[in-house]
Amino acid sequence: MRLFIAVILLIVVPMTLREKAVPAAASKSAEKSISLYDPNPAHIWNRLYDALLLREDPAGGRYGEDSLDPLLWLNSEHLLAQPSHQRALRVLDEFLQTRAENQIHDPAKRAVLQRDLWAVFDWSAQQESLSQRTTYDKEKRELQTRLAEVLRRLALTPEEIALLPANYGQAVASGAFPKEYDPAHQERAFLPPDLFDPLGPWVCINGNSYFGQTAAIEHLITFSGRSRFLVFVRLPAGRKATLEYFRTLWNFPQPWVQSDPRGQADVNPDLPSFPAGTQVLLLRQLTLFDSHGNLVEAPITESVQIRVYRAITAAGPNGPDITSLAALGERSGQTFYEIELSRSQLFANKAGGLRATKPDEIEFSTLRQEGDDVFEWWVMNRSRPGMEPALQQCAVCHSRGGISSLNSRAHLLRPNGAQPDPNEVPHRPRDAAVQWWASDNNETIDWKHDRYDWGLLNGYWRSGNR
């Protein structure tokens, strides 16, 4: 296994002003209000989740109770500055000293807690402080050593991971979501039941790239390889038409054009576009590590993002120049949908643990996690930062028209290989319950192996931690 050697400096750091502004009483009351993992809010698993994953605004408002990803940004000092740092260490120490991993054996709950704590660990390995006084090296080590040991204890066996719920299929079977796009009810998010059908209309873009990048590379980088992302395309006329369109793109005589005097190449904006009625789907599924420390693809779906092209509009620049979801949808000719994992629904076996994002649902963006911490900025500036509808965040990145809005289109062009039809590979199983389209795809795992944060975590395990 490829590892990196991390050198960690130990520095004692005083409390920062931005953390001082959050009253200690607020954090104490917050510890008693979560009942996610057990009906008793005082259960150590609930208090651990509360201490590391929940955030408060200056007025005591709470955020992140079921956010898909931690509300932490590159420059966040939360969990490193006081009092949040000491609170996190106190709960982590209690978890370790009481062997609290033995208090809950439900594999789904253990997998989800591992997922969330792993995200916090990776954030701590990337965090960059804006403070002139400290880099929080000592605090990072204190947090990381404890997180590494908790993560090791929570890890499931390979057999347990294989038996985790394939919740996409459960969500479809629940009847909670329409099965197809309904132009008369564009507000209703849908889940196609034939997404994984090897004979069905959805075609997964092969992630192998001449340039060494996977499809949806920005998403992969943002979440540091803890999830794999798969891009599916469906043309209105079905599978054959989709594959023929891919072949047309691959045979296009001039797929690249020079975009600046230095010779930088860009995708030709004159590529032939797909027709109106085309649908594009981004599937995010969980990656875990097992009890042997090996990275493993898990069957839990974390999110589904779907774009339906009602019309093919002229290509324009991506960007936030249009600030309403309706205007972005009108300019791009698209309707945007998102369905996300809900921990409480997953644990209750409700609708496969998936819920649709409402068109007007507001959330803090964690896709691009660079920059200031939203809550610390809120304290320092004494005003609420701007928030936008969750679906608008997707629309901004894909606001161009037609093929120009498909950010994975470069994978369909030479010098990449032509997109294969998995149906033509006879040894692949024809079982929709088996993720045949990902069985030979270890790109995410290979990518994660080379990450500094994965080497750091393995370094703690090999050193015996604390």
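The values are calculated or read from the model by the stated rules, or taken from the named source; none is laboratory data. What you are looking at is a predicted structure, and each value in this text was computed from that prediction instead of being measured. Please note: Cβ atoms are built from the backbone with ideal geometry, for glycine as well, and neighbour counts cover all protein chains shown. Just the protein is used for accessible areas: all its heavy atoms, side chains included, with ligands, DNA and RNA removed. Shrake-Rupley method; radii C 1.70, N 1.55, O 1.52, S 1.80 Å.
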Subject >> Selected residue (only one of Leu191, Leu163, Leu235, Leu249 is hydrophobic (A, V, I, L, M, F, W, C), buried (at least 20 other Cβ atoms within 10 Å of the Cβ), under 27 Å from Asp116 (Cα atoms) and modelled with pLDDT of 95 or more) >> reply: Leu191
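So that you can scan it fast, the table gives a plain yes or no per residue for (1) closer than 24 Å to Asp69 by Cβ; (2) of a type in the set (A, V, I, L, M, F, W, C):
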residue: Arg188; (1), (2): no, no
residue: Gly200; (1), (2): no, no
residue: Cys204; (1), (2): yes, yes
residue: Phe246; (1), (2): no, yes
residue: Trp256; (1), (2): no, yes
residue: Pro269; (1), (2): no, no
Original post:
Taking the condition in contact (Cβ under 8 Å) with a residue 24 or more places away in the chain and in a strand (DSSP E or B), does Phe232 pass?
Top reply: yes
Original post:
In segment 91-112, how many residues are assigned to a helix (DSSP H, G or I), touching a residue at least 12 places away in the same chain (Cβ under 8 Å) and among the polar types (S, T, N, Q)?
Top reply: 0
Subject >> Enumeration of residues in segment 243-278 that are touching a residue at least 60 places away in the same chain (Cβ under 8 Å) and assigned to a loop (DSSP other than H, G, I, E, B) >> reply: Phe252, Pro255, Pro269, Leu271, Pro272, Ser273, Phe274
**OP:** Please enumerate the residues belonging to segment 161-202 that are over 22 Å from the mean Cα position of the chain (by Cα) and under 23 Å from Ala111 (Cβ atoms).
**Re:** Ala173, Ser174, Ala176
Original post:
Somewhere in segment 279-300, is a residue without any contact (Cβ under 8 Å) to a residue 24 or more places away in the chain, in a strand (DSSP E or B) and either over 20 Å from Glu338 (Cβ atoms) or under 28 Å from the mean Cα position of the chain (by Cα) (or both)?
Top reply: no
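Quick check, is Thr98 at pLDDT 95 or above and open to solvent by 30 Å² or more (accessible area, probe 1.4 Å)?
Numbers: at pLDDT 95 or above: yes; open to solvent by 30 Å² or more (accessible area, probe 1.4 Å): yes.
Judged against the criteria, Thr98 is a match.
Going residue by residue through segment 103-117, is there one that turns out to be under 21 Å from Trp377 (Cα atoms) and either in contact with a Leu (Cβ under 9 Å, 6 or more places away or on another chain) or not acidic (Asp, Glu) (or both)?
No; the residues of segment 103-117 include none that is under 21 Å from Trp377 (Cα atoms) and either in contact with a Leu (Cβ under 9 Å, 6 or more places away or on another chain) or not acidic (Asp, Glu) (or both).
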**OP:** Quickly run through segment 74-85 and pick out the residues that are part of a loop (DSSP other than H, G, I, E, B) and open to solvent by less than 10 Å² (accessible area, probe 1.4 Å).
**Re:** Ser76, Glu77, Leu79, Leu80, Ala81
Original post:
What about Ala88, is it free of Cβ contacts under 8 Å to residues at least 60 places away in the same chain and open to solvent by less than 10 Å² (accessible area, probe 1.4 Å)?
Top reply: yes
**OP:** Please enumerate the residues belonging to segment 301-315 that are crowded, with 19+ Cβ neighbours inside 10 Å, of a type outside the set (S, T, N, Q) and either part of a loop (DSSP other than H, G, I, E, B) or out of contact with any Lys or Arg (no Cβ under 9 Å at 6 or more places or on another chain) (or both).
**Re:** Ile306, Arg307, Val308, Tyr309, Ile312
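For Ser124, state whether it is part of a helix (DSSP H, G or I) and farther than 30 Å from Gly277 by Cβ.
Criteria met by Ser124.
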Original post:
Only one of Asp270, Asp290, Asp260, Asp266 is open to solvent by 30 Å² or more (accessible area, probe 1.4 Å) and in contact with a Ser or Thr (Cβ under 7 Å, 6 or more places away or on another chain); which?
Top reply: Asp266
Subject >> Given (1) under 25 Å from Ser35 (Cα atoms); (2) open to solvent by less than 50 Å² (accessible area, probe 1.4 Å); (3) touching a helix residue (DSSP H, G or I) at 6+ places or on another chain (Cβ under 7 Å), index of the condition Tyr63 fails >> reply: (3)
Original post:
Among (1) at pLDDT 50 or above; (2) in a loop (DSSP other than H, G, I, E, B), where does Tyr49 come up short?
Top reply: (2)
